[in-house]
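The values are calculated or read from the model by the stated rules, or taken from the named source; none is laboratory data. None of these values were measured; they are calculated from a predicted model. For neighbour counting, all protein chains shown are included, and Cβ atoms are generated from backbone atoms with ideal geometry for every residue, glycine included. Only protein heavy atoms, including side chains, enter the accessible area calculation; ligands, DNA and RNA are left aside. Shrake-Rupley method; radii C 1.70, N 1.55, O 1.52, S 1.80 Å.
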Amino acid sequence: SPGVRKRLIMQRLRQGISHDFDPCGAQPQVQVNLKGDGCDPIVRPTTEALTSPAEIGAVLGHARLRYEREAEIHVQMTEIIPFFGAVVNLRGDRHKYTWELLDCVVDTTIEAHMPVKAMLGVKRPADIDPHVQPMLPDPGHASFPSGHATESYAISGVLHSLLKSASAFNSDFHKEAERQFERIAQRISVNRIVAGLHFPADNCAGEKLGRAVASHVTTMCADPAAETIEASLWAKAVAEWA
């Protein structure tokens, strides 16, 4: 069943992720170990950096966009995949294996970014400046890196790699799809700044980690010679776009 398959795939994807925490120095850091291209260390921003115009100032400045982006920000609290799916008409009835794969991507990002949040313990913008007044409830865990940014860039990367593996699209389609995926990932990430929940630094770290997660998932799933359950799911998802 899909539920059993997902649990087995997540067990394998999870086993390929580990974290090394270095608390020494003024800026503690975490090395997230992944398959594929890997990821540079995630370095905790200093308090001075977070209270600068480039960080807390940007959060306060982005608040002017709250009214026009309110609806999508609320949807993105729980739904991210459909925003990317709109680019390629991703549908649950025609692309069930692609949905299943992307659900695994989202869960893999959680395995990657939540330990970093816990280890580095960066405060939320509202904990630093009372003018922030976020439009959504504080999620209750640390701010850095942004989970939404990590998820968005991971989905963008995996979905683009999946479509490139299919034979139904030409190079112009791939270029435009990649551009749209990147644009959506950026907008979702910025929306979390608009909402008052994240600093720009959170998004930069999330983007870096999300791209590494995309490489991790693709490396483990997209090998046509591999006789694994995750490779089987990838092949099924590719076939949906033939």
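Residues in segment 62-75: is at least one in a helix (DSSP H, G or I), at pLDDT below 95 and closer than 22 Å to residue 130 by Cα? Spell out the reasoning first.
Taking segment 62-75 first, the residues in a helix (DSSP H, G or I) are 62-75.
With at pLDDT below 95 added as a condition, the list becomes none.
Within segment 62-75 (the criterion being in a helix (DSSP H, G or I), at pLDDT below 95 and closer than 22 Å to residue 130 by Cα), the answer is no, since none of the residues qualifies.
So that you can scan it fast, the table gives a plain yes or no per residue for (1) part of a helix (DSSP H, G or I); (2) free of Cβ contacts under 8 Å to residues at least 12 places away in the same chain; (3) surrounded by fewer than 16 Cβ atoms within 10 Å (Cβ to Cβ); (4) of a type outside the set (Lys, Arg):
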residue: 155; (1), (2), (3), (4): yes, no, no, yes
residue: 168; (1), (2), (3), (4): no, no, yes, yes
residue: 184; (1), (2), (3), (4): yes, no, no, yes
residue: 236; (1), (2), (3), (4): yes, no, yes, no
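What pairs come up if the first residue lies in segment 1-23 and is farther than 12 Å from residue 101 by Cα, the second is open to solvent by 70 Å² or more (accessible area, probe 1.4 Å) and at pLDDT below 95, and their beta carbons are under 7 Å apart, counting only those six or more places apart or on different chains?
Close Cβ pairs (under 7 Å, with a partner that is open to solvent by 70 Å² or more (accessible area, probe 1.4 Å) and at pLDDT below 95) amount to 16/35.
For residue 196, only one of the following conditions fails: (1) on the phi > 0 side of the Ramachandran plot; (2) open to solvent by 20 Å² or more (accessible area, probe 1.4 Å). What is its number?
(2)
Would you tally the residues in segment 170-182 being open to solvent by less than 10 Å² (accessible area, probe 1.4 Å) and outside any helix (DSSP H, G or I)?
Looking only at segment 170-182, we keep the residues that are open to solvent by less than 10 Å² (accessible area, probe 1.4 Å), and these are 177, 181.
When the remaining residues are screened for being outside any helix (DSSP H, G or I), the result is none.
The qualifying residues number 0.
Which ones in segment 1-32 are open to solvent by less than 40 Å² (accessible area, probe 1.4 Å) and touching a Leu at 6+ places or on another chain (Cβ under 7 Å)?
Result: 9, 16, 17, 28, 30, 32.
Being more than 25 Å from residue 242 (Cβ to Cβ), modelled with pLDDT under 95, surrounded by 13 or more Cβ atoms within 10 Å (Cβ to Cβ) and not small (Gly, Ala, Ser): is that true of residue 35 here?
Spelling it out, residue 35 is indeed more than 25 Å from residue 242 (Cβ to Cβ), modelled with pLDDT under 95, surrounded by 13 or more Cβ atoms within 10 Å (Cβ to Cβ) and not small (Gly, Ala, Ser).
Find the residue count for segment 186-200, including only residues that are part of a helix (DSSP H, G or I) and either under 14 Å from residue 60 (Cα atoms) or modelled with pLDDT under 95 (or both).
Filtering segment 186-200 down to residues part of a helix (DSSP H, G or I) leaves 186-194, 200.
From the residues that got through so far, the ones that are either under 14 Å from residue 60 (Cα atoms) or modelled with pLDDT under 95 (or both) too are 190-194, 200.
The qualifying residues number 6.
If a residue has to be open to solvent by less than 60 Å² (accessible area, probe 1.4 Å), of a type in the set (Val, Ile, Thr) and either assigned to a loop (DSSP other than H, G, I, E, B) or within 14 Å of residue 151 (Cβ to Cβ) (or both) to count, how many in segment 91-112 make the cut?
Residues flagged as open to solvent by less than 60 Å² (accessible area, probe 1.4 Å), of a type in the set (Val, Ile, Thr) and either assigned to a loop (DSSP other than H, G, I, E, B) or within 14 Å of residue 151 (Cβ to Cβ) (or both) within segment 91-112 amount to 4.
Give just the number: which of (1) over 12 Å from the mean Cα position of the chain (by Cα); (2) free of Cβ contacts under 8 Å to residues at least 60 places away in the same chain does residue 218 not satisfy?
All conditions are met except number (2).
Select from segment 218-234 the residues that are not polar (S, T, N, Q) and not in a helix (DSSP H, G or I) and write down the one among them that is farthest from residue 137 (Cα to Cα). Talk me through it step by step, then tell me what you get.
Let us first name the residues in segment 218-234 that are not polar (S, T, N, Q), namely 220-227, 229-231, 233-234.
If we keep only those that are not in a helix (DSSP H, G or I) too, we end up with 222-227.
On the way: 222: 38, 223: 41, 224: 44, 225: 46, 226: 44, 227: 44 Å.
Filtering first and then ranking leaves 225.
Check residue 85 against each of (1) in contact (Cβ under 8 Å) with a residue 12 or more places away in the chain; (2) buried (at least 18 other Cβ atoms within 10 Å of the Cβ); (3) assigned to a helix (DSSP H, G or I) and name the one condition it does not meet.
With (1) in contact (Cβ under 8 Å) with a residue 12 or more places away in the chain; (2) buried (at least 18 other Cβ atoms within 10 Å of the Cβ); (3) assigned to a helix (DSSP H, G or I) applied to residue 85, the lone miss is (1).
For a quick check of your reading of the model, give me the residue pairs whose first member lies in segment 113-142 and is over 22 Å from residue 28 (Cβ atoms) and crowded, with 16+ Cβ neighbours inside 10 Å, whose second is at pLDDT 95 or above and among the charged types (D, E, K, R), with beta-carbon atoms closer than 6 Å and at least 6 apart or on different chains.
135/66
Open to solvent by 30 Å² or more (accessible area, probe 1.4 Å), out of contact with any Gly (no Cβ under 9 Å at 6 or more places or on another chain), free of Cβ contacts under 8 Å to residues at least 40 places away in the same chain and part of a helix (DSSP H, G or I): is that true of residue 49 in this structure?
Working: open to solvent by 30 Å² or more (accessible area, probe 1.4 Å): yes; out of contact with any Gly (no Cβ under 9 Å at 6 or more places or on another chain): yes; free of Cβ contacts under 8 Å to residues at least 40 places away in the same chain: no; part of a helix (DSSP H, G or I): yes.
Taking the combined requirement at face value, the residue does not satisfy it.
Return yes or no: is residue 215 open to solvent by 10 Å² or more (accessible area, probe 1.4 Å) and either touching a Pro at 6+ places or on another chain (Cβ under 6 Å) or not in a helix (DSSP H, G or I) (or both)? Don't jump to the end; show me each part of the working.
Details: open to solvent by 10 Å² or more (accessible area, probe 1.4 Å): yes; either touching a Pro at 6+ places or on another chain (Cβ under 6 Å) or not in a helix (DSSP H, G or I) (or both): no.
No: the conditions fail for residue 215.
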